[in-house]
Amino acid sequence: MTRGLLHWIDTRLPVVSAARREFRDYPMPVNLNGFWNFGAILTLSLLLMLATGLTLALTYVPNAGLAFASIQTIERGVPAGWLIRLAHQTGATLFMGALYLHIFRGLYYGSYKAPRELVWLTGMALLACAMVTAFAGYVLPWGQMSHWGADVITGAMAGLPVVGPTLSHLVLGDTHLGDVFLHRLFVVHFATAFAIVGIVVVHVACVHVAAPNDPDGRDPRSPRETVPFHPYFTAKDLFGLALAGGVFTALAAFAPGIVREAANLAPANPLRTPNDIVPAWYFLPFYGLLQIVPSKTLGLFASLAAIVLPGLMPWLDRSPIRSARHRPGFRIGMILMAAGFVTLGLAGAHHLQGLWGIAGRIAALAYFGVFVAVPFARRHPS
Amino acid sequence: MTRAPPSSVAIPGTTIPGMAPARPTGNGDITGFQRATALWQGLRGSAPERGARLALMAALLAAAPAFAAGAAPPHQAWSFAGPTGHYDPATLQHGFRIYADVCAGCHSLNELHFENLAGIGLSAADIRRIAATHTIPDGTDAAGQPKTRSARPDDAIPDPFPSPAAAAQALGGVPPDLSHITMTHRGGPDWIAAFLTGFVPPPPGVTVPPGRFYNRFLRTGVTAMPPVVASADDARAVTTFLQWSADPHLNARHRLGYAGLAYFAFLAALASALKRRIWKQPRR
């Protein structure tokens, strides 16, 4: 019966045979390691975000006077509303964490190199969309941190040369952060979230056309070096997903302080600046950069560069060897870059106080230094 | 929703979310600004004047820390702390009684509806009875006159004052809403419990204006809130109740957390076994 129906559909629109070809029989390199689990984890997190997000939007009110109260209704009035919101907040952390690791995997094993440049560019576009979505989402509850975090970002944006005032007018739609701004960010939150779904489709198509990279960075030489996606990688992904589920549960239940901000439980008050404005953890490295660079505008440029530079890797890195496994110097560079990124975040969280000021500056140099050094790396190893 | 005290001046960097802003003048307390002004003036004028001013300034600065900084609250063991944290209904109900009998006269608990009290173990009948003791505004009648009715379980717990201005008028300060106070106030539950029992006679040389009270856990030393909590036990109970108000789903969250971890550990074990079996098979 199902078989007949599937056949009927497939003869009219060959989606069933395409799905079999791309997700069941698809040849995968045998030697993929655990780093290759993050694609599946990201896909599932994205579905979780869409499901919980759409549910929250049924009650949320994008209005400066009502947003905070509508979140309280979700937390205290709607059955299991608090659980859905907690899953959405934890999902954001899981998604951004998995995305950073997924991107690091791509850098480390040279997954950006030809013929996978489009895989890489769609991935970086996805990161940019995810960051906009996360920022907009953080603003929606309209608590103190929402308001003052938005104040920092829109302030830096308004300071941009030439486009600043226009951009600021476009986003704020008013002289201050209020109703119009909040409503626009709500629309942005939705639009970019669904844009991510679209980008993921293109991203996966690019991966399947170019074939996946592997930890050795050399394409499988014969069919004997590949296995079909199902059951080999469905089983492996299931294991990865179970571990990710464990991390998700532990964060949500026992460390909610990481995925949500207590200070945001005070309603937005434009007259009262909080002592300490700290963004969500996944923005901390960029927040660190904003603090290190003395001018707001240059700080914003530095943050942009921190995302754009990895995006340019296919053209910065000219070595024919893909994987850091076979490039000792590059390996050190990648570890330096990752350590720099993490240290920048810690320095940002500590407002560059004490030794964090020095550590943050060294980390920034290390992070950007790697991208400057990469074009000079030896092209032809001995 | 916002409860900005209408008469206060916002000074960036000196205020804390959820905390009433420090009043810069008129209380007899010395603010950072006044100390800085004293410092500046001490450096001007003739030599003897300067000497006298500097001496005064030194005295001010020396006296300042003990009096303006506020004591650090002692760390307490709370039932809700840590990964096994939970609330127990008896403490929550004790805390609610203190809130209802004492705090509710001045402070709002804006985010709570009467029916939410089921979360501290009150029965539906109890909740109906408690709600019915409150009278709330109910629109206007045909003649345009404001009407009232007794509250129902699905109503929000009403504010004790019609407006923050009215509260300030009556009390000399705006009592903050307590719905999330343990999570938004610097120092958290430790500070709240310490503050409630931290009213002591002022140190020598400090005069507390009428209608103000000295509390050793405040940075400014004085507050418009009177000492109203009788015992440390009551302070702990009401603080636990307020923590529940800020984070009401802790018990369920921890229960689900352990169940979820067990589930995913089991799933991971199964998936790992499955994966190993599949990868051992001869490849097609």
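Taking amide H atoms as placed 1.01 Å from N in the peptide plane, list the residues 5 or more away in sequence, or in a different chain, whose amide H sits under 5 Å from that of B:Ala71.
Residues meeting the criterion, in which the H sits 1.01 Å from N, are B:Phe217, B:Leu218.
Relative contact order, percent, of the range A:279-382 when contacts are C-alpha pairs under 8 Å separated by at least 6 residues?
37 percent
How many partner chain Cβ atoms sit within 10 Å of a residue's Cβ in peptide B:108-114, on average, as a whole number?
Partner-chain Cβ atoms within 10 Å, mean over residues of B:108-114: 3.
From other protein chains only, count the Cβ atoms within 10 Å of every residue's Cβ in A:218-228, then give the mean.
Other-chain Cβ atoms within 10 Å of each residue's Cβ, averaged: 1.
Which semi-axis lengths, in whole Å and largest first, follow from the square roots of five times the eigenvalues of the Cα gyration tensor of the range B:60-217?
Gyration-tensor ellipsoid for the range B:60-217: 35, 24, 11 Å.
Given the protein assembly as shown, what whole percent of its Cα pairs are spread farther than 32 Å? List each step's numbers first, then the result.
Working: 134340 of 221445 pairs.
Value for the protein assembly as shown (Cα pairs over 32 Å): 61 percent.
Averaged across A:110-122, how many Cβ atoms of other chains sit within 10 Å of each residue's Cβ atom?
Mean inter-chain Cβ contacts per residue within 10 Å come to 0.
Can you pull the percent of Cα pairs in the range A:142-229 with separation above 17 Å?
66 percent
Under 27 Å Cα to Cα from A:Lys113, which lysines show up? Leave out anything in the same chain fewer than 8 places away.
A:Lys236
Need the C-alpha centroid separation for the range A:11-43 versus the range A:55-130, integer Å.
Cα centroid of the range A:11-43 versus Cα centroid of the range A:55-130: 23 Å apart.
Please work out whether chain A counts as rounded, prolate or oblate from its C-alpha gyration tensor, where a ≥ b ≥ c are the square roots of the eigenvalues and a/c under 1.5 means rounded, while otherwise a/b larger than b/c means prolate and anything else oblate? Please list the in-between numbers first.
Details: a/c = 1.95, a/b = 1.23, b/c = 1.59.
Because a/c hits 1.5 or more and a/b fails to exceed b/c, chain A counts as oblate.
Compute the separation of the alpha-carbon centres of the range A:326-353 and the range A:200-245 and state it in Å as a whole number.
28 Å
List every residue whose amide H lies under 5 Å from the amide H of B:His113, counting only residues 5 or more places away in sequence or on a different chain, with H placed 1.01 Å from N in the peptide plane.
Here B:Ile157 satisfy the definition.
For the range A:279-382, what D do you get in µm² per second when you plug the Kirkwood radius from alpha-carbon pairs into Stokes-Einstein at 37 °C and 0.692 mPa s?
230 µm²/s
Using packing as a proxy for protection, rank B:112-119, B:97-104, B:123-130 so that the peptide with the highest average count of other Cβ atoms within 10 Å comes first.
Ranked by mean Cβ neighbours within 10 Å, highest first: B:112-119, B:97-104, B:123-130.
At a 1.4 Å probe radius, which order do A:Val374, A:Val78, A:Val247 fall into by accessible area, largest first?
A:Val247, A:Val78, A:Val374
Run the paramagnetic zone check for B:Ser150: 7 angstrom along Cα to Cβ, then residues of the range B:101-129 with backbone nitrogen under 13 Å.
B:126-129
Using θ = phi - 60° and the Karplus relation 6.51 cos²θ - 1.76 cosθ + 1.60, list the HN-Hα couplings for the range A:84-90 in order, rounded to whole Hz, with x at every Gly or Pro.
5, 5, 4, 5, 5, 5, 5
Starting at the first residue of the range B:107-120, write each ³J(HN,Hα) from the Karplus equation 6.51 cos²θ - 1.76 cosθ + 1.60 with θ = phi - 60°, in whole Hz, x for Gly and Pro.
Per residue, the Karplus-derived 3J(HN,Hα) values read 9, 8, 9, 4, 7, 8, 9, 4, 5, 4, 5, 4, x, 9 Hz.
Go ahead and estimate [θ] at 222 nm for the protein assembly as shown from helices alone: -39,500 (n - 2.57) per DSSP H run with n ≥ 4, summed, over the residue count, rounded to 500.
About -18500 deg cm²/dmol.
Take the Cα atoms of the range B:178-279, build their convex hull, and give its volume per residue in Å³.
Numbers: hull volume 14.2 nm³, N = 102.
So the per-residue hull volume is 139 Å³.
Each label point is 7 Å from the Cα along the Cα-to-Cβ direction; what then is the distance between the points at A:Thr166 and B:Asp126, in nm?
It is 6.3 nm.
Report the calculated FRET efficiency for A:His208 and A:Arg331 (r = Cβ-Cβ distance, R0 = 30 Å), to the nearest 0.05. Kindly include the intermediate steps, with their values, before the conclusion.
Numbers: r = 28 Å, r/R0 = 0.94.
After rounding, the FRET efficiency stands at 0.60.
In debye, nearest 20: dipole of the protein assembly as shown around its Cα centre with unit charges on the Cβ of K, R (+) and D, E (-)? Intermediate values should be presented prior to the final figure.
On the way: 51 positive and 33 negative charges, 529 e Å.
It works out to roughly 2540 debye.
Among A:299-305, A:234-240, B:85-91, B:192-198, how do they line up by average Cβ neighbours within 10 Å per residue, starting with the highest?
Top to bottom by mean Cβ count within 10 Å: B:192-198, A:234-240, A:299-305, B:85-91.
Residues with amide H under 5 Å of B:Val222's amide H, sequence separation 5 or more or different chain, H placed in the peptide plane at 1.01 Å from N; which?
B:Asn215
Probe 1.4 Å, all protein chains in place: accessible area of A:His208 in Å², nearest 10?
40 Å²
Round to a whole angstrom and tell me the spacing of the C-alpha centers of the range B:104-155 and the range B:258-284.
Taking the Cα centre of each part, the range B:104-155 and the range B:258-284 sit 53 Å apart.
Which FRET efficiency, nearest 0.05, do A:Val342 and A:Val152 yield, Cβ-Cβ r, R0 22 Å?
E between A:Val342 and A:Val152, to the nearest 0.05, is 0.50.
Could you give each residue of the range B:271-282 its phi-based ³J(HN,Hα) in whole Hz, using Karplus coefficients 6.51, -1.76, 1.60 with θ = phi - 60°, and x for Gly or Pro?
Couplings: 5, 5, 5, 4, 4, 5, 5, 5, 6, 7, 4, x Hz.
Could you point to the residue in B:Met225, B:Ala156, B:Ala166 farthest towards the positive end of the range B:149-284's charge dipole, with +1 and -1 charges on the Cβ of Lys/Arg and Asp/Glu respectively?
B:Ala156
Please give the solvent-accessible surface of A:Met49 in Å², to the nearest 10, using a probe radius of 1.4 Å with every protein chain present.
So the heavy atoms of A:Met49 present about 40 Å² to solvent.
Keeping the other protein chains in place, figure out the carbon and sulfur percent of the accessible area of the range A:37-277, with a 1.4 Å probe. Don't jump to the answer; show the numbers that get you there.
Numbers: 7080 of 9580 Å².
For the range A:37-277, the apolar C and S fraction of the accessible surface comes to 74 percent.
Report the label-to-label distance for B:His134 and B:His75 in nanometres (one decimal), using points 7 Å from each Cα along the Cα→Cβ vector.
Modelled inter-label distance: 3.7 nm.
How much solvent-accessible surface does A:Leu54 expose, in Å² to the nearest 10, with a 1.4 Å probe and all protein chains in place?
80 Å²
Positive end of the charge dipole of chain A (Lys, Arg +1 and Asp, Glu -1 on Cβ, about the Cα centre): tell me which of A:Asn264, A:Val119, A:Pro223 has its Cα farthest that way.
Most positive-ward Cα: A:Pro223.
The values are calculated or read from the model by the stated rules, or taken from the named source; none is laboratory data. Model, not experiment: these values are computed from the prediction. Using ideal geometry, Cβ is built from the backbone for each residue, glycine included, and neighbour counts are taken over all protein chains shown. Just so you know, the surface numbers come from the protein's heavy atoms only, side chains and all, with ligands and any DNA or RNA stripped out. Shrake-Rupley method; radii C 1.70, N 1.55, O 1.52, S 1.80 Å.
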